[in-house]
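Everything on this sheet refers to the single structure shown next.
The values are calculated or read from the model by the stated rules, or taken from the named source; none is laboratory data. Computed from a predicted model, the values in this text were never measured in an experiment. Don't worry about glycine lacking a Cβ; one is built from the backbone with ideal geometry, like all the others, and counts go over all protein chains shown.
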Amino acid sequence: METLTVELGERSYPIYIGQGLLDNGDLLTRHLGGTSVVVVTNETVGPLYLERVMAALGDRRKSAVTLPDGEAYKTLATVNDVFTALLERQVDRRATLIALGGGVVGDITGFAAACYQRGIAFIQVPTTLLAQVDSSVGGKTGVNHPLGKNMIGAFHQPRAVVIDTDTLLTLPERELAAGLAEVVKYGLIGDAPFFAWLEAHMPDLLKREPGALAHAIRRSCENKAAVVAADERESGQRALLNLGHTFGHAIETGVGYGDWLHGEAVACGMVMAARLSQQLGWLEADAVGRIRALLQQAGLPTEPPSELSPERFLELMAVDKKAIEGRLRLVLLNAIGEAVVTADFDPAVLRHVLAGEDTG
């Protein structure tokens, strides 16, 4: 087992990474706020891992809430279902919630924990690659709205993140690929050597070679922990973690939540950001080719859905948390490993990219 730390002063917390950690009850119980625990999972993950987690919790007062599975259920209504379960069980403010599942479960559980009795403890136990390398770390919680993804939420840091890499053995191939999109993102925004390592080891990751997966997860978490420590509430540097996300969120909202997986939309969005960077004269064409090739090797889409027109894209992209006073800001690339948040781009060039055109 390896342990990393997200350095946030009194809110600092560990990330544990290793095999078989679901059965290590001490990793969970040492971070409980009290003796009462509620595990929140979904109907897919629960049958696989809930019994093991409940056993690991020992004689604590414990119960479980099982949610429906899918991005379509990442809503205020589902959070309210969690509140109802907590109130029916008379859960007090010293209780701890445990999020056992992927990014949707983690975001919903964290948001419920942030709000219930004005804030209770929670622990992340992510079971998908995307959640392990991205959404479980950093304290972003929330839900979607029909008009925009992740527009309702709160910053609420977990007490700990427990990453059992064995859970990836049951992950569908499409979900594994979606997680790899976020792994590639870390190389693009600030870790060119890691991007090169991914180019050399993508076949190992797709084969779920344990050593390769462990390295990719650890390096991704190290990168994210460093950014979060420097900018917890996304006032500056942390926005770099949204490379591809403004385009990607527009795709997810435009085609309907759950049609494209989040990582699929982000992969396509990163290619669009790279193409825009190239057409602005910031990024070399060879770099765009490397980015596209690596994402395609991972089995990810690199072209946006044909049903989204440039006008619809721009309408959806306007509903973005990075926008300031109505001005769209994007994360773009000067090079692989060098990203920047900027509003300094030609809107006409952006429109060409959205239309799939090349300005030459």
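A few remarks follow.
- Taken together, Arg94, Arg61, Arg89 contain a single residue that is of a type in the set (D, E, K, R) and closer than 21 Å to Thr141 by Cα, which is Arg94.
- All positions within region 212-224 that are within 15 Å of Tyr13 (Cβ to Cβ) and surrounded by fewer than 21 Cβ atoms within 10 Å (Cβ to Cβ): Glu222
- Within the option set Asp107, Asp69, being within 25 Å of Gly256 (Cα to Cα), buried (at least 23 other Cβ atoms within 10 Å of the Cβ), among the charged types (D, E, K, R) and out of contact with any Leu (no Cβ under 7 Å at 6 or more places or on another chain) holds for one residue only, Asp107.
- Residue satisfying condition, being surrounded by fewer than 20 Cβ atoms within 10 Å (Cβ to Cβ) and closer than 28 Å to Arg30 by Cβ, within set Gly148, Gly119, Gly139: Gly119
- For region 45-52, the count of residues that are more than 18 Å from Thr127 (Cβ to Cβ), out of contact with any strand residue (DSSP E or B) (no Cβ under 8 Å at 6 or more places or on another chain) and not acidic (Asp, Glu) is zero.
- Failed condition for Gly356, given (1) part of a loop (DSSP other than H, G, I, E, B); (2) of a type in the set (Gly, Ala, Ser); (3) at pLDDT 95 or above: (3)
- Test: Gly289 is part of a helix (DSSP H, G or I), free of Cβ contacts under 8 Å to residues at least 12 places away in the same chain and either on the phi < 0 side of the Ramachandran plot or of a type in the set (Asp, Glu) (or both): yes
- When each of Glu311, Glu315 is tested for being assigned to a helix (DSSP H, G or I), in the same structural domain as Val255 (by TED's automatic domain parsing), acidic (Asp, Glu) and surrounded by 12 or more Cβ atoms within 10 Å (Cβ to Cβ), the lone residue that passes is Glu315.
- Among the residues of region 254-266, some residue qualifies, meaning at least one is more than 18 Å from the chain's Cα centre (by Cα), farther than 20 Å from Leu130 by Cα and either surrounded by fewer than 16 Cβ atoms within 10 Å (Cβ to Cβ) or free of Cβ contacts under 8 Å to residues at least 12 places away in the same chain (or both).
- Within region 78-100, the residues that satisfy the criterion of being within 20 Å of Thr29 (Cβ to Cβ) and of a type outside the set (A, V, I, L, M) are Arg89, Asp92, Arg93, Arg94, Thr96.
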